[in-house]
Each structure stands twice: as C-alpha cells, then as structure tokens.
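*Asks:* First, the structure itself, so that you have it in front of you.
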Amino acid sequence: MGNYSITYAIYNPKWTYGIDERLLKIGASEVTPEEYEQYMHGLIFCPKCFTPLSRNPSKKNVSKNAKTAHFRHLPSFKHIPCAYHTIQKEGLNYVNDELTRETEEDGHFKRVKEWAKLPPEEYMKGDKKVTYNGINHDPEGEITEEVIPRHNGSKVKVGSNIETVQYICWNLDALLNVGFSLPGKQATLPLKDLLYSTQMLRRDISEEPQLFYGKMKGFHYQAFSNRTKIQCHGNKFMYIYTKNELDERRSYGADSIGRYVMFYGSVKWDEQKKTICHVR
Ligand SMILES: [Zn+2]
C-alpha cells in the first residue's frame, strides 16, 4: 500500500489525546488516506501511538510533489515514540537545482495501479519502518551533485491513485464521468463505461477482470469462504467467494441480500457451467 507506513487512522470526534486509550476505539471508525474528509481534521489518531495525525495534502488527494495522500504524525508529538515514525535520511547539501512543474490533482482522472490486497490494518501489523526518500536539504550536510527540483510556477495535472472498490462505491455519483484506468488495462475510460452489469454476462466473456455490479440474491456462510449469489441474465446466477473476516469488517452478509454489490474479478466456469467469479 504505497510507501507510507500509516495505512489507516482512527477517526473519533469524541476523543482527545490524553484520555484513556481504551476509549479511543469506542464510537470510532477507521479511515484510509483516500477516505479522509475535511470534517475529520484534528479528529484522527495514530492506531499505534494514539497521537493526532494530519493528512497530507489536507484537501486534495495529490500533493504538489505528486505524492499520493498519506497520514503523518504532528511535529508537536514527535517525542512520543511510535513504530510508525518515518525515518529521515541524513540531510544532504543540494548544490544543483532544476526547474520543474508543480503537480496538481486532476479531478477528471483516477488511477487504480493495483487494488489493496489486505484491509488497511493488516499492513500495520508488522513493525516495518519506512524511510523517507524525498529530499532532505541540509546546508550543513555532505555536498551532493544530485539535482533538487524547484517549481517554476506552471502545473502538471495528475490523477489521484485509489486502491479500493469501496471508494468507488461510496463516491459513485461523483465518479461516473471521471476517467479511470484499471490495473492491467491501458485505456482510460469514464467509470460508467467500465462498469459491467452481471445481467449482461454471457458465456463468451473473456477471463479479463472486470468491475462488475449486480443484485445480491443470496448469501451462504461457509467454513472457508462465504458464498454470494448474484443475479445474472434471466434465471442465471453467478457466485462470489469471500473471506469471512473481510466480510465482517465490511458488515457484508445475509442482511445485504437485495442490494447491489460491486466487485472486481475475472469469471471462471465450473463443470456445471455455473459462473464463479474470482474476486481480487
Ligand atoms: Zn504513531
């Protein structure tokens, strides 16, 4: 999940740093940098050291240096130890500079380089430290010939990177006409042209993964993976297999029957010529 170690923050409008940590999770929700909204400002906390976090950039999804949005600790809490403090490389004295164009978020374009493979908290289980590889200019540091970029005032637009189907679902209305590039596909198309209704599913569909949506007709709890029945054309159905712990996290289960679900994956056919979708 990118180069940033804090993959999610705890949002709790009723808690402040200093209150018993056990109360932090009560009435709280987990937010990823891409789910962050302005009203959460000042109300998000590090799941490891519980100090307040900020999101960078605070309003848009792409920073001026074309970095993807990420959480960071507040400098005023730097003295609180945390496994998720970014390690700063020793500063270098940059003697050369280069004019570059600032990057700016292009609201008409989103990229999905790769879907998140795990929920955000899974990425924080290990104690992996992340080193900041950006520029750390120190006039006292060792002289480097490497070039430091300086902005010349003009701007390059870049699409922000997103990693979850959930983000698409939550912002569907606003995203329908936004251009998307999905993993492994070259073309950028408006989201509305990338959505694939399961009603349109035919026997000759290729194994190329698609962003499907369809009506949920059944849900079956099973030992290894839960099975969802999705309405296809006429009296045909397809089945999606999902992991129980991930379903619980999304409150996805029998209560969701009758609703529409969106999922990304490729279609496989079993011996009975039933459709199975391998969700990625
Ligand atoms: Zn922390």
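The values are calculated or read from the model by the stated rules, or taken from the named source; none is laboratory data. Computed from a predicted model, the values in this text were never measured in an experiment. All Cβ positions, even for glycine, are placed from backbone atoms using ideal geometry, and neighbour counts span all protein chains on display. Accessible surface is based on the protein model in full, side chains and every heavy atom, while ligands, DNA and RNA are left aside. Shrake-Rupley method; radii C 1.70, N 1.55, O 1.52, S 1.80 Å.
*Asks:* Looking only at the range 162-186, which residues are open to solvent by 60 Å² or more (accessible area, probe 1.4 Å) and either at pLDDT 85 or above or on the phi < 0 side of the Ramachandran plot (or both)?
*Replies:* 170, 173, 174, 177, 186
*Asks:* Something else: Consider residue 10 carefully, then state whether it is in contact with a Lys or Arg (Cβ under 8 Å, 6 or more places away or on another chain), among the aliphatic types (A, V, I, L, M), modelled with pLDDT under 90 and within 16 Å of the ligand (Cβ to nearest atom). Give the steps one after another, and end with the answer.
*Replies:* Details: in contact with a Lys or Arg (Cβ under 8 Å, 6 or more places away or on another chain): yes; among the aliphatic types (A, V, I, L, M): yes; modelled with pLDDT under 90: no; within 16 Å of the ligand (Cβ to nearest atom): yes.
Taking the combined requirement at face value, the residue does not satisfy it.
*Asks:* Still on this structure, please answer the following. Of the residues that make up the range 48-63, is at least one within 16 Å of the ligand (Cβ to nearest atom), over 18 Å from residue 83 (Cα atoms), at pLDDT 90 or above and part of a loop (DSSP other than H, G, I, E, B)?
*Replies:* Checked the range 48-63: no residue is within 16 Å of the ligand (Cβ to nearest atom), over 18 Å from residue 83 (Cα atoms), at pLDDT 90 or above and part of a loop (DSSP other than H, G, I, E, B).
*Asks:* Right, something else. If residue 171 passes every condition in (1) in contact (Cβ under 8 Å) with a residue 40 or more places away in the chain; (2) not assigned by TED's automatic domain parsing to the domain that holds residue 268 but one, which one does it miss?
*Replies:* Just one mismatch for residue 171, condition (1).
*Asks:* Is there any pair with a first residue in the range 25-44 that is without any contact (Cβ under 8 Å) to a residue 24 or more places away in the chain and a second that is in a strand (DSSP E or B) whose Cβ atoms are under 7 Å apart and which are 6 or more apart or on different chains, and what are they?
*Replies:* 25/10; 28/10; 28/11; 29/11; 31/9; 31/11; 31/44; 42/52
*Asks:* Name the single residue that is most open to solvent (accessible area, probe 1.4 Å) among those in the range 231-274 being in a helix (DSSP H, G or I) and farther than 20 Å from residue 211 by Cα.
*Replies:* Only one residue tops the list, namely 255.
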